[in-house]
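Trainee: Encoded as structure tokens, here's the structure I'll be asking about.
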Amino acid sequence: MFRQAVQSFNTGNPVAARQDCQKILKLDPKCLPAIQLLAAIAQRSGDLAEAARQFTALGRLQPNQIDPHLNLGMACLGLEDFIKAEAAFRAGLTCNPRHIPALTGLGVALAKQERRDESIATFETVLAMDKTFAPAWTNLGLVLAAAGQTGRAAECQEAALRLQPAYPEALTNLGALRAGQNRLPEAIDLHQAALRLRPDFAEALTNLGDAFHRAGRLEDAATAYRRAFFQRPATTDSRIALGLLLMEAQSWEEAIAEFRAVLADNPRHELALSTLGLSLLSTGKLAEAGDCFDIVLSSNPHSPAALRGWTSLAVSRDDLDSDALKAVHARFGEAYDRADVLGPCLNDSDPGRRLRIGYLSSDFRAHSVAKNFLPVIRDHDRERFSIHFYSLVARSDEITEQFRALADGWHEVATLDNEEIARQIRADAIDILVCLAGRFDANRPEVLGYRAAPIQINLHDVATTGLSAADYIIGDRWLLPRASGEYFTERALRLPQFYIADFPQNLPVLPPSPRIGQVTFGCFNNPTKITPSVLRAWGALLSRLPEARLVLKYQGQYRSPDLRQRILAMLTEAGAQLGQVEFIFERDPEGQFLSRYDQIDIALDTFPFSGSTTTFQALCMGVPVVTWAWDRMVSRWSAAMLHAIGLERLIATSAEQYIAIALNAAGEVNDWRGRRGEIRATLARSRLCQGQRWTRHLERLYRAMWRRYVATTPPAL
């Protein structure tokens with residue numbers, strides 16, 4: 001019967017071979033050849049769970065033979081059961097403590113459990129026994145890269161390739177390191193070399209997609225990711241990477257479909273749930289987004305992506321009172337209190353010395369925060385301040401290079417974890433660490449929780465970090481009114497005016513004569529900010545002005561039919577007519593985008609999350625902005641700008657007043673159309689565009705903070 005089973009297996013009939021083996025085992029449950037053949041059948045068919053069961057049985061029957069334990073460990077690695085894999089490799093090593101493949105498997109299992117020090121020691125043991133064993137070099141390189149030791153990691157991959165030049169794993173691993181160094185052409189070549197050796201290598205395809213993504217070759221990246229999960233449908237990395245790419249391209253429905261496909265196989269996959277939540281948030285589905293974050297946080301209360309998503313969602317919502325917001329921020333702060341990890345700061349306490357300022361951000365690129373902050377960096381007094389950047393930028397551009405050129409110190413830290421970033425900042429003896437726009441994009445406010453610097457500042461965010469280690473938040477008297485009861489863990493400091501930007505030098509020329517015709521309202525804010533309260537107010541406004549139109553645009557997001565349908569449903573429910581609303585789908589170059597304001601008479605702000613850059617852009621084009629300043633910082637950015645240029649009468653304190661101000665502006669539309677040049681000129685002369693003056697005020701705050709720190713901090717023992 002066994003000979004018949006072997007013949008069936010060799011002639012391509014595994015089903016008959018399996019049936020014969022099962023019959024044999026009913027007669028003799030300890031028949032080793034039958035169990036071994038069942039394991040081989042399972043391996044060939046890719047059924048790792050069945051293979052693991054058979055190797056487990058073999059291990060019980062042959063406890064002193066290393067092969068069953070080794071094979072079980074390899075099957076468990078494939079199943080991502082790393083604890084069982086470790087146990088299997090350790091069982092094998094009791095048979096032969098110097099067995100190099102078993103030691104290598106153990107090193108991988110430890111690395112997968114993020115026990116990096118043990119893993120590194122295991123691979124170093126292998127290499128002490130045999131420096132020519134290339135797999136140990138490449139696996140050691142992977143662990144060192146995960147630990148942030150990218151230089152040593154690259155040396156390990158290069159060592160593996162010297163021993164074995166046609167080594168796909170080492171080629172793609174080295175390619176991933178080169179991509180992290182922004183050596184993208186070299187990275188792409190290495191991944192493609194790996195794929196020439198093994199065209200179905202899913203990991204290399206995913207890495208190639210990542211390199212294309214960093215290089216801005218989004219279509220090539222999407223193709224590589226799709227090829228990767230075609231080759232290995234059970235893995236999730238490439239599918240999630242494709243979803244993230246689609247998010248970047250604002251193809252929200254497609255991104256959501258990819259994340260849901262991952263969740264169909266693993267309903268509690270943390271990263272898929274978090275990114276799905278962010279996608280839903282971007283399409284305005286706030287309740288569904290919150291459900292995703294809640295599921296993650298129920299099993300991992302410290303999930304960075306879910307906590308950041310929840311706090312971003314919270315500031316956008318119109319149904320949370322101050323106590324609920326406080327609870328959200330406090331939860332984030334409690335999760336990231338790591339101040340005891342690095343110990344006390346030991347910076348030189350000379351109150352008058354040149355201070356080392358560190359800026360941490362993912363926005364040193366073509367981004368609104370960079371446009372606001374680049375003039376500040378240019379104007380810093382370099383005799384009194386040394387400027388250092390900790391860049392979380394995934395893909396550098398011309399703006400990144402401008403920041404780099406202005407740096408006294410530049411560090412690429414996107415691939416490091418939070419503690420590693422904090423240790424780098426501490427090693428650089430930074431005196432004042434500034435986290436820019438912490439809750440947005442790929443920023444890491446969590447780094448502040450490690451007390452990386454003696455003084456830590458929350459800047460260009462719209463609410464508290466919730467972190468007790470964040471010392472200050474900077475705004476102005478309108479963003480941070482003294483009578484506000486809003487919750488902040490930071491101490492509030494105020495500039496004469498907070499918002500700052502270079503007045504654009506190449507603005508489109510305003511029309512020579514005012515436009516005529518029906519009143520046209522417009523909102524070019526992120527639709528994430530368009531809450532049910534906003535849509536009720538807009539619908540009521542449009543119902544009072546049946547000839548008026550509302551134009552909505554934000555990059556390319558309104559290509560989403562779900563988003564358009566949600567907005568139209570709520571607007572019409574509140575009284576608007578379908579024909580009053582126009583969506584613009586196109587993504588425009590900035591000059592062309594600003595020219596669209598020529599067709600807008602009155603800009604309508606969002607609430608509770610007001611505009612900022614969009615408000616400044618509207619005012620640059622001479623368009624008045626109607627806003628409602630709520631009882632929180634996130635809603636007062638537009639109001640602060642309007643105060644600066646004398647347009648306080650456009651600031652509402654209730655929904656009814658917001659509608660009334662917009663109706664009144666519509667009744668005076670010809671006057672507003674004629675004042676566009678005046679509004680632009682007033683803005684250009686205002687404090688909103690006086691970068692050098694703003695920077696001097698900021699530097700005075702930095703110096704005052706430092707003097708206070710020195711005066712109140714006991715000297716180190």
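The values are calculated or read from the model by the stated rules, or taken from the named source; none is laboratory data. Please read all numbers here as calculations on a predicted model, not as lab measurements. Glycine also receives a Cβ, built like all others from the backbone with ideal geometry; neighbour counts cover every protein chain displayed.
Trainee: Name the residue that is nearest to the chain's Cα centre (by Cα), counting only residues in the stretch 307-352 that are within 20 Å of D631 (Cβ to Cβ), among the charged types (D, E, K, R) and not in a loop (DSSP other than H, G, I, E, B).
Mentor: Applying the filter and picking the extreme gives K326.
Trainee: Still on this structure, I have one more. Please verify whether the stretch 545-563 includes one or more residues that are modelled with pLDDT of 95 or more, assigned to a helix (DSSP H, G or I) and more than 27 Å from the chain's Cα centre (by Cα).
Mentor: Scanning the stretch 545-563, I find no residue that is modelled with pLDDT of 95 or more, assigned to a helix (DSSP H, G or I) and more than 27 Å from the chain's Cα centre (by Cα), so the answer is no.
Trainee: Quick check on this structure: which one of I430, I455 is in the same structural domain as F385 (by TED's automatic domain parsing), crowded, with 24+ Cβ neighbours inside 10 Å, among the β-branched types (V, I, T) and over 20 Å from the mean Cα position of the chain (by Cα)?
Mentor: Being in the same structural domain as F385 (by TED's automatic domain parsing), crowded, with 24+ Cβ neighbours inside 10 Å, among the β-branched types (V, I, T) and over 20 Å from the mean Cα position of the chain (by Cα) holds for just one of I430, I455, which is I430.
Trainee: I'm trying to understand the selection: among the residues of the stretch 279-319, which are without any contact (Cβ under 8 Å) to a residue 40 or more places away in the chain, more than 14 Å from G466 (Cβ to Cβ) and crowded, with 23+ Cβ neighbours inside 10 Å?
Mentor: Hits for the stretch 279-319 are S279, L280, A289, C292, F293, V296, A306, G309.
Trainee: Moving to a separate point now. Could you please find all residues in the stretch 237-277 being under 22 Å from G216 (Cα atoms) and part of a loop (DSSP other than H, G, I, E, B)?
Mentor: A249, Q250, S251
Trainee: Any chance you could count how many residues in the stretch 571-590 are aromatic (F, W, Y) and either within 25 Å of I500 (Cβ to Cβ) or part of a strand (DSSP E or B) (or both)?
Mentor: 1
Trainee: Which of the residues that make up the stretch 197-230 are within 23 Å of Q555 (Cβ to Cβ), touching a Lys or Arg at 6+ places or on another chain (Cβ under 7 Å) and not in a loop (DSSP other than H, G, I, E, B)?
Mentor: Hit for the stretch 197-230 is R214, nothing else.
Trainee: When only residues in the stretch 245-265 that are among the aliphatic types (A, V, I, L, M) and surrounded by 18 or more Cβ atoms within 10 Å (Cβ to Cβ) count, which is farthest from N526 (Cα to Cα)?
Mentor: V262
Trainee: Looking at the structure I just gave you, is R482 under 24 Å from T283 (Cβ atoms) and either at pLDDT below 95 or assigned to a loop (DSSP other than H, G, I, E, B) (or both)?
Mentor: no
Trainee: Quick one: count up the residues across the stretch 393-415 that are at pLDDT 95 or above, part of a loop (DSSP other than H, G, I, E, B) and crowded, with 20+ Cβ neighbours inside 10 Å.
Mentor: 0
Trainee: What number of residues within the stretch 231-254 are touching a Ser or Thr at 6+ places or on another chain (Cβ under 9 Å) and under 13 Å from G556 (Cβ atoms)?
Mentor: Selection size over the stretch 231-254: 6.
Trainee: Taking the residues in the stretch 424-443 that are touching a strand residue (DSSP E or B) at 6+ places or on another chain (Cβ under 7 Å) and modelled with pLDDT under 95 as candidates, determine which candidate is farthest from S484 (Cα to Cα).
Mentor: So, considering only residues that are touching a strand residue (DSSP E or B) at 6+ places or on another chain (Cβ under 7 Å) and modelled with pLDDT under 95, the one farthest from S484 (Cα to Cα) is N443.
Trainee: OK, next. Against the conditions (1) of a type outside the set (A, V, I, L, M, F, W, C); (2) over 19 Å from W694 (Cβ atoms); (3) in contact with a strand residue (DSSP E or B) (Cβ under 8 Å, 6 or more places away or on another chain), where does E401 fall short? Just the number, please.
Mentor: (3)
Trainee: Checking F593 against (1) assigned to a helix (DSSP H, G or I); (2) over 30 Å from R685 (Cα atoms); (3) not hydroxyl-bearing (S, T, Y), which test does it fail?
Mentor: (2)
So that you can scan it fast, the table gives a plain yes or no per residue for (1) crowded, with 16+ Cβ neighbours inside 10 Å; (2) touching a Ser or Thr at 6+ places or on another chain (Cβ under 9 Å); (3) modelled with pLDDT under 95:
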residue: G151; (1), (2), (3): no, no, yes
residue: E169; (1), (2), (3): yes, yes, no
residue: L195; (1), (2), (3): yes, yes, no
residue: H213; (1), (2), (3): yes, no, yes
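Trainee: Select from the stretch 197-211 the residues that are closer than 12 Å to A176 by Cα and not small (G, A, S) and write down the one among them that is surrounded by the fewest Cβ atoms within 10 Å (Cβ to Cβ).
Mentor: This residue is E203.
Trainee: Check off (1) at pLDDT below 95; (2) in contact with a Gly (Cβ under 7 Å, 6 or more places away or on another chain) for P589 and give me the number that stays unchecked.
Mentor: If we test P589 against (1) at pLDDT below 95; (2) in contact with a Gly (Cβ under 7 Å, 6 or more places away or on another chain), just (2) comes out false.
Trainee: Can we say Q505 is out of contact with any Ser or Thr (no Cβ under 7 Å at 6 or more places or on another chain), of a type outside the set (A, V, I, L, M), closer than 23 Å to T615 by Cα and not assigned by TED's automatic domain parsing to the domain that holds F440?
Mentor: The answer is yes for Q505.
Trainee: Which residue, of V393, V376, is touching a residue at least 24 places away in the same chain (Cβ under 8 Å), farther than 22 Å from G180 by Cα and out of contact with any Asp or Glu (no Cβ under 6 Å at 6 or more places or on another chain)?
Mentor: Testing whether each residue is touching a residue at least 24 places away in the same chain (Cβ under 8 Å), farther than 22 Å from G180 by Cα and out of contact with any Asp or Glu (no Cβ under 6 Å at 6 or more places or on another chain) leaves just V376.
Trainee: Check F521 against each of (1) part of a helix (DSSP H, G or I); (2) surrounded by 16 or more Cβ atoms within 10 Å (Cβ to Cβ); (3) not β-branched (V, I, T) and name the one condition it does not meet.
Mentor: (1)
Trainee: Within the stretch 515-542, track down each residue that is in contact with a Gly (Cβ under 6 Å, 6 or more places away or on another chain) and over 22 Å from Q580 (Cβ atoms).
Mentor: Result: no residue meets the conditions.
Trainee: Sticking with this one: Of (1) more than 22 Å from W694 (Cβ to Cβ); (2) out of contact with any Leu (no Cβ under 6 Å at 6 or more places or on another chain); (3) crowded, with 18+ Cβ neighbours inside 10 Å; (4) of a type outside the set (K, R), I387 satisfies all except one. Which?
Mentor: (1)
Trainee: Please tell me if A442 is surrounded by 15 or more Cβ atoms within 10 Å (Cβ to Cβ) and within 24 Å of A306 (Cβ to Cβ).
Mentor: Against the criterion (surrounded by 15 or more Cβ atoms within 10 Å (Cβ to Cβ) and within 24 Å of A306 (Cβ to Cβ)), A442 does not qualify.
Trainee: Here are the criteria: (1) at negative phi; (2) surrounded by fewer than 20 Cβ atoms within 10 Å (Cβ to Cβ); (3) in contact with a helix residue (DSSP H, G or I) (Cβ under 9 Å, 6 or more places away or on another chain). Tell me which single one A128 does not satisfy.
Mentor: Result: A128 fails condition (3) only.
Trainee: Then there's this: Any chance you could count how many residues in the stretch 221-263 are over 19 Å from S274 (Cβ atoms) and in contact with an Asp or Glu (Cβ under 7 Å, 6 or more places away or on another chain)?
Mentor: Number of matching residues: 1.
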